[in-house]
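What follows draws every value from the coordinates through simple rules; no lab data is involved. Everything numeric here is computed off the predicted structure, so don't read it as measured data. Because the Cβ atoms are built from the backbone with ideal geometry, glycine has one as well, and the counts that use them run over all protein chains shown.
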Amino acid sequence: MNYPGRPVLIQRRAPLTYALLAANILVFIALEVSGGSQNPLVLLEWGAKFTPAIRAGQPWRLITAMFLHAGVLHLAVNSYSLHNLGNVVERLFGTPRFALIYVIGGVWGSLASTFMSDPRVLGVGASGAIFGLAGCLFYFGIRYPHHFRVLAGWRFVAIVLVNLLIGFSSSHIDGYAHMGGLVGGFAAALALGLPTERTSRIRSTARICLAVATVVATVLATNPTSVSTRVPVSTCCPAPMPTPSTVLARSAAP
């Protein structure tokens, strides 16, 4: 496939990144006013990922959980990571692709959690979507390995791997949501491509496969099963993921 020898910044600003940050903060304030962002009943009412509810026909929780955060620290860490990664990804891929990658990463993270995590535990947080942005940058690294090394390098890879290990070693963090988001973000970036890449038959097929896989998984996730219920909260909270956007501006300038 033909693509430029150097990556190109599609836009200078990242409006959706800041809109998502604002939305997360506003929802967090609403949670606090409604009874507390760490109150399981409040989180459940506002759309936390809860497998029995999803199995009972509430698939929207796969998306709404992305905008809920349990506590100030949870919100702060995810906001920091979203600010850093979102500013880079949205300027490289453009706002429409960024929006799709973010949502698909978040939904795949929720789906992975629904299928593999403890079904009796609530799940909240944007980090499935944030890991989707990380997966998207790995796709960028395949297309532009030299620029990826300058932009992020092994430090970024190490941070992602450490976050995955933390997620699977802590009972309060949903590692499956992180892994699902990472894979979903990479798959979305692979299917959508960078704006400078031409659409090919292979890419069109990949987009269809991505859509079908997401729909089929969502349908399977809503298939009723019998589970006992309790509602502790599992947060999707990665450690901060810094990405040097100033380096991006130098290395990716057209």
### Query
Using 0.36 nm per residue, how much length does the chain from SER34 to VAL216 gain when fully extended, once their Cα-Cα distance is taken away?
62.1 nm
## Note on the structure
Residue span MET116 to GLU45: 0.36 nm per residue of separation minus Cα-Cα distance leaves a gain in nm of 23.3 nm
## Note on the structure
Percent relative contact order for the chain, counting Cα pairs under 8 Å at least six residues apart, stands at 31
## Note on the structure
Given a Förster distance of 22 Å, the FRET efficiency implied by the Cβ-Cβ spacing of ILE142 and TRP60, rounded to the nearest 0.05, works out to 0.10
### Task
Between LEU220, LEU194, LEU68, find the one with the highest GNM mean-square fluctuation for the chain; connect C-alpha pairs within less than 10 Å.
LEU220
#### Entry: Separation of the ARG155 and SER170 label points, Cα + 7 Å toward Cβ, nm
2.2
### Query
By its C-alpha gyration tensor, with a ≥ b ≥ c as the square roots of the eigenvalues, how is segment 77-202 shaped: rounded for a/c under 1.5, else prolate for a/b larger than b/c, else oblate?
prolate
### Task
With θ set to phi - 60°, apply the Karplus curve 6.51 cos²θ - 1.76 cosθ + 1.60 along segment 24-29 and write out the HN-Hα couplings as whole Hz, x wherever there is a Gly or Pro.
4, 5, 5, 5, 4, 4
### Query
Tell me, what ³J(HN,Hα) does each residue in segment 79-94 have, in order and in whole Hz, if you take phi through Karplus 6.51 cos²θ - 1.76 cosθ + 1.60 with θ = phi - 60° and put x for Gly and Pro?
5, 4, 5, 4, 4, 5, 6, x, 4, 7, 5, 5, 6, 7, 9, x
### Query
So if R0 is 25 Å, what FRET efficiency would VAL162 and ALA23 give, r being the distance between their Cβ atoms, rounded to the nearest 0.05?
0.35
## Note on the structure
Proxy exposure order for LEU165, LEU192 (fewest C-beta within 10 Å first) is LEU165, LEU192
### Task
In whole Hz, with x marking every Gly and Pro, tabulate ³J(HN,Hα) for segment 102-118 from phi via Karplus 6.51 cos²θ - 1.76 cosθ + 1.60, θ = phi - 60°.
5, 5, 5, x, x, 5, 5, x, 5, 5, 4, 5, 4, 7, 10, 7, 4
### Task
Find, among the chymotrypsin sites (Phe, Trp or Tyr not before Pro) in segment 18-117, those assigned to loop by DSSP (not H, G, I, E, B) with at most 12 other beta-carbon atoms within 10 angstrom.
TRP60
## Note on the structure
Rounded to one decimal in nm, the spacing of the 7 Å Cα→Cβ label points at ARG12 and SER200 is 3.4
### Query
Under a GNM of the chain (C-alpha, springs under 10 Å), which listed residue has the highest mean-square fluctuation: VAL88, VAL77, VAL157?
VAL157
### Task
Please list the equivalent ellipsoid semi-axes of segment 55-95, computed as the square roots of five times the alpha-carbon gyration tensor eigenvalues, in descending order and whole angstrom.
25, 17, 5
